[in-house]
Structures are given as structure tokens and as C-alpha cells.
Amino acid sequence: MISFELGVEDLADTRFALSPLYETVLSLRVLREPGLSALHLPWRRSVLGALDSLDGLDGLDTELLMSVVAVRRTLPDFLTPRPASFAPSFEEELAAVGRTPPDLVRRDLLAAHAPDPLPTPLLAALAPDDGPVVALRDALCALLRRYWEIAVQPMWPRMRLLLEADMTYRARQLAVGGARLLFADIHPNLRWHDGVLHIGQMISRHRVVASGRGLLLVPSVFAHKPAPPVSPEEAPTLAYPSRGVATLWVREPAAGTAALVSLLGAPKARLLDLLDEPLPTVELARRLGVTASAVSQHLGVLYATGLLSRARDGRQVLYRRSPLGDELSGRGRPE
């Protein structure tokens, strides 16, 4: 078990961040082990096809790339640095990796793979001087950039919308039930007790005192369970599985009942079916594979007829089925 001891100031500084680099690195687990999540099989098939089509100078050293994933599925901390802002770009995050001192590269590679020996492609990390370690770090950066362009970047706009919707939901949980409800609802492996966040089912066993560094929460499409840093020296950061991942690779949900479709039309019936939780227009448009303006027109009609309620959250307006909409659709509202 890994534990984060959070004081009052740390709780006040609990924040969310988006990380395209986290997604890129965590996706390597799914690429290596498809059994981790059947939900990602369509993505995995697509990426493997793209990688197989590369040859010659455009090819990727997949042996080196995949060697960063340990037998225990742990990953080196230096490849997932704590995001410095709410939504850094991939290039900004990769630049931070490229500035990692050689001693930290060594430490993190050895810690991620322990107690197993380093795989052959990573043996340069054992060199007594820094030159080979720097060359290895730079080679990994180049590989990750190319892999990002092939595997994650084409889907990043859709992924980002899903992750932002997750953060909106989590903010509501925090407002309704405080830290206890926030953490309990994220994943069964998390437990909040007496100012300490306990993360169960971990290989490592240590306790991290935040000491004013706060807690950073990073929703992730590819995380299969909560993933804190391996090293106890890192600031409290937690990547966790995002809600709604099942919708990511399927554009259109199942249509409502025939009677509801006949009454409202297929587009409005699908919207009503989706809105058992608060969602913004852009996320609804992503799930339905249509433009935001088209969704807005249908939302206006459903709201005007009392089938939806709405509330403003910052710059976004969140829509949700009203009690009348629940009754008409035959869908009870989740507790």
C-alpha cells in the first residue's frame, strides 16, 4: 500500500491536470497486455496496424520502447513528470523528460524494474559515466514523440473532452461530499481516513508526507487502476481511470426505445438517453459524432419542453435529464 499524508493546506491545493504524456506512456501497458482492458482493443488493433506499416528509416525501435514497461507493469517516474500546469502540451512535458538528470534516469529505471534486472535495451543505464545514460534518455524521448504522433495524438482531442467531463464530475463529487466522497468514488482501491489517502493493491509499500506540495489528480484513459509514482521522493500525484472510457472508441450509443424515437426523433432520444449525468454540449457532440451546433438545437427543444435541466459550470452549461425526462425515458437517475 502507498499512502499520501495530506494536511489542510495540501487538501486546499488538491488540483486536477491533463497530461498527454501520461496517456502516451500508460498506453504502452495496454499495447503490451491487451488483457488489461478489452475496451481498448479497437484502439490497439489500429495502432498495431499503423506500427506494422512502418519500415526502413520510419520504423520505431519497439523493443526499446516497450522495455520501459516492467514485468510488474510499473513505469519509470521520469517518463511521467508531474504536470506543471493544468493542460501542458505534449512537447512541454517531453521537454521536461529531456531535462531529467542522469542520476534520476538511473534511479527510476532501476526502481521500476526491481527486483528484476534491467532488460537488455536499457542496460546503458548501468554505465558508470553519464554519456550513455543521456543518450538512452534522449533516444526514449525521440521514440515517445514518434509513438505519440502515431498512437495517441490523432485521438487526443476526443480523449481530452472525455477527461474534462470526468473532472467536472469529480468537482461536483467534491462539492457534494468532500474529500471522502471524491476519493471513494474514483476507485475501490482508494480509501480516505484521518487525513491520509491510502492506495491499495500496490507493489510498493511507503508513506509520503505531502508537506505543502498538495495533491495532483490526473484522469487517464489508459490507467487500469490508480497509479502513483514509484518513488516515495516524488510529490503526491495520482493518475486514475477516467469515467466514460467505454464511450471513447464507439461514436454512437444505442438508440432509445422505438416508442421514444417515434415521439422525439432519433437524435433527441439519444440525447435524453445519454443525460443521466451532467454533460456539456461539446462532450455530447463528441459521443454522438455530430457538431456542437446540432446538439445545441436539440438541447434547446428538450429543455424548453421540461425534459432537461441545466446549470452553468464556469464557461460551460451542463445538461441533465429532469425528473420528467427520467419518467418519459423510463430511466431512473443514479444515486
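Can you tell me what the convex hull of the Cα atoms of the range 45-197 projects to on average, as an area in nm²? Mind dumping the intermediate values first?
Numbers: hull surface 47.5 nm².
Reported value for the Cα convex hull: 11.9 nm².
Which whole-number percent of Cα pairs in the range 110-228 have a distance greater than 24 Å? Walk me through the intermediate numbers first.
Details: 3570 of 7021 pairs.
In whole percent, the long-distance tail amounts to 51.
Per residue, how much space in cubic angstrom lies within the convex hull of the C-alpha atoms of the range 1-132?
On the way: hull volume 22.1 nm³, N = 132.
Looking at the range 1-132, the number lands at 168 Å³ per residue.
Quantify, in whole percent, the carbon and sulfur part of the accessible surface of the range 59-192 (1.4 Å probe; protein heavy atoms only). Before the final figure, lay out each step's value.
On the way: 3550 of 5970 Å².
Of all accessible area on the range 59-192, carbon and sulfur atoms account for 59 percent.
Assuming 0.692 mPa s and 37 °C, estimate D for the range 1-45 with Stokes-Einstein, Rh taken as the Kirkwood radius over Cα pairs, in µm²/s.
Numbers: Rh = 13.4 Å.
Estimated diffusion coefficient is 245 µm²/s.
Given 5 Å bins starting at zero, what is the percent of C-alpha pairs of the range 234-318 in each, up to the one with the largest pair distance?
For the range 234-318, the pair-distance distribution reads 3, 12, 23, 24, 17, 9, 5, 3, 2, 1, 1, 0.
With every protein chain left in place, what is the accessible area per residue of the range 76-139 in square angstrom, probe 1.4 Å? Write out the running numbers ahead of the final one.
On the way: 2950 Å² over 64 residues.
It amounts to 46 Å² per residue over the range 76-139.
So, taking all protein chains as they sit and a 1.4 Å probe, how much accessible area belongs to D116, in Å² rounded to tens?
70
Magnitude of the Cβ-charge dipole of the range 205-289, K/R +1 and D/E -1, about the Cα centre, nearest 20 debye? Can you show the working numbers first?
Details: 10 positive and 7 negative charges, 25 e Å.
In debye, rounded to 20, the range 205-289 gives about 120.
Translational diffusion coefficient of the range 182-335 at 10 °C, 1.306 mPa s, Stokes-Einstein with Kirkwood Rh over Cα pairs, in µm²/s as a whole number. Walk me through the intermediate numbers first.
On the way: Rh = 18.1 Å.
Taking Rh from Cα pairs, D becomes 88 µm²/s.
Note down the nm distance, to one decimal, between modelled labels 7 Å out along Cα→Cβ at E5 and at R180.
Using points 7 Å along Cα→Cβ, the separation is 2.2 nm.
Would you work out which of A112, H206, L328 lies farthest towards the positive end of the dipole of the chain, given +1 charges on the beta-carbon of Lys and Arg and -1 on that of Asp and Glu, about the Cα centre?
Farthest towards the positive end: L328.
Report the dimensions of the chain along its three principal axes from the alpha-carbon atoms, largest first, rounded to Å.
Answer, in whole Å and largest first: 73, 54, 32 Å.
The values are calculated or read from the model by the stated rules, or taken from the named source; none is laboratory data. None of the values given here were measured: they were computed from a predicted structure. When we count neighbours, we look across all protein chains shown, and the Cβ atoms used for this are built from the backbone with ideal geometry, even at glycine. The protein model used for the area step is the full one, side chains on, heavy atoms only, and it has no ligands, DNA or RNA in it. Shrake-Rupley method; radii C 1.70, N 1.55, O 1.52, S 1.80 Å.
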